[in-house]
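Q: One structure coming up, written as structure tokens, with questions to follow.
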Amino acid sequence: QVRLVESGGGLVQAGGSLRLSCAASGITVHSITVGWYRLDGRKERNLVAEIRSDGDTFYLDAVKGRFTISRDNDNNTVYLQMNSLKPEDTSIYFCNAWRSGTGYWGQGTQVTVSL
């Protein structure tokens with residue numbers, strides 16, 4: 001059974017940092033693509049960053065230079081380091097992975113950035 005558990009969200013002032021974690025079980029993070037998504041104003045999930053099996057990464061333009069996605073193969077966990085946070089980064093952040101044509105989501109973690 002595939003399970004993704006996010007943690008690390010919270011309340012931070014603008015300019016601060018948070019590190020989100022996505023602990024995976026039932027899948028091996030280094031063999032698939034794992035992404036971080038967040039809800040937009042229409043409550044749709046938008047891709048923020050992803051890391052592929054070959055180590056290549058993708059970032060949404062709005063977070064380039066501020067967010068870094070990485071993975072720890074030993075702990076089967078994917079991280080999203082978020083620096084220089086802005087109020088517009090406020091959202092629920094979700095971890096996502098696909099295996100054999102099926103998408104899996106975590107429960108989400110709330111990130112709130114205050115002025």
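The values are calculated or read from the model by the stated rules, or taken from the named source; none is laboratory data. This structure is a prediction, so every number in the text was calculated from the model and none was measured. Quick reminder, even Gly has a Cβ in these numbers, built from the backbone with ideal geometry, and neighbours come from all protein chains shown. Heavy atoms of the whole protein, side chains included, go into the accessibility calculation; ligands, DNA and RNA do not. Shrake-Rupley method; radii C 1.70, N 1.55, O 1.52, S 1.80 Å.
Q: Can you name the residue in segment 23-42 that is charged (D, E, K, R) and part of a loop (DSSP other than H, G, I, E, B) and, of all such residues, is nearest to W105 (Cα to Cα)?
A: Of everything passing the filter in segment 23-42, D40 is nearest to W105 (Cα to Cα).
Q: Then there is this: So S31 clears everything in (1) surrounded by 13 or more Cβ atoms within 10 Å (Cβ to Cβ); (2) over 15 Å from the mean Cα position of the chain (by Cα) except one condition, right? Which one?
A: Failed condition: (1).
Q: Can you tell me which residue in segment 1-28 is most open to solvent (accessible area, probe 1.4 Å), limited to those that are charged (D, E, K, R) and closer than 13 Å to A97 by Cβ?
A: Restricting to residues being charged (D, E, K, R) and closer than 13 Å to A97 by Cβ, the top hit is R3.
Q: Further question on the same structure: Is it the case, given these coordinates, that A49 is assigned to a strand (DSSP E or B) and in contact with a helix residue (DSSP H, G or I) (Cβ under 9 Å, 6 or more places away or on another chain)?
A: yes
Q: Let me ask something else about it. How do the pairs read when you match residues in segment 12-36 that are in contact (Cβ under 8 Å) with a residue 12 or more places away in the chain and aromatic (F, W, Y) with residues anywhere that are open to solvent by 40 Å² or more (accessible area, probe 1.4 Å) and part of a strand (DSSP E or B), using Cβ under 8 Å and keeping only pairs 6 or more apart or on different chains?
A: W36/L47
Q: Suppose we filter F67, F58 for residues that are free of Cβ contacts under 8 Å to residues at least 40 places away in the same chain, of a type in the set (A, V, I, L, M, F, W, C) and open to solvent by 70 Å² or more (accessible area, probe 1.4 Å); which single one remains?
A: Result of the check over F67, F58: F58.
Q: List, please: which pairs have Cβ atoms under 6 Å, are six or more places apart or on different chains, and start with a residue in segment 98-115 that is without any contact (Cβ under 8 Å) to a residue 12 or more places away in the chain and under 13 Å from V2 (Cβ atoms) and end with one that is charged (D, E, K, R) and surrounded by 12 or more Cβ atoms within 10 Å (Cβ to Cβ)?
A: none
Q: Another question, if that's okay. Kindly list the number of the only condition in (1) surrounded by fewer than 16 Cβ atoms within 10 Å (Cβ to Cβ); (2) modelled with pLDDT of 95 or more; (3) not charged (D, E, K, R) that fails for W36.
A: For W36, the exception is condition (1).
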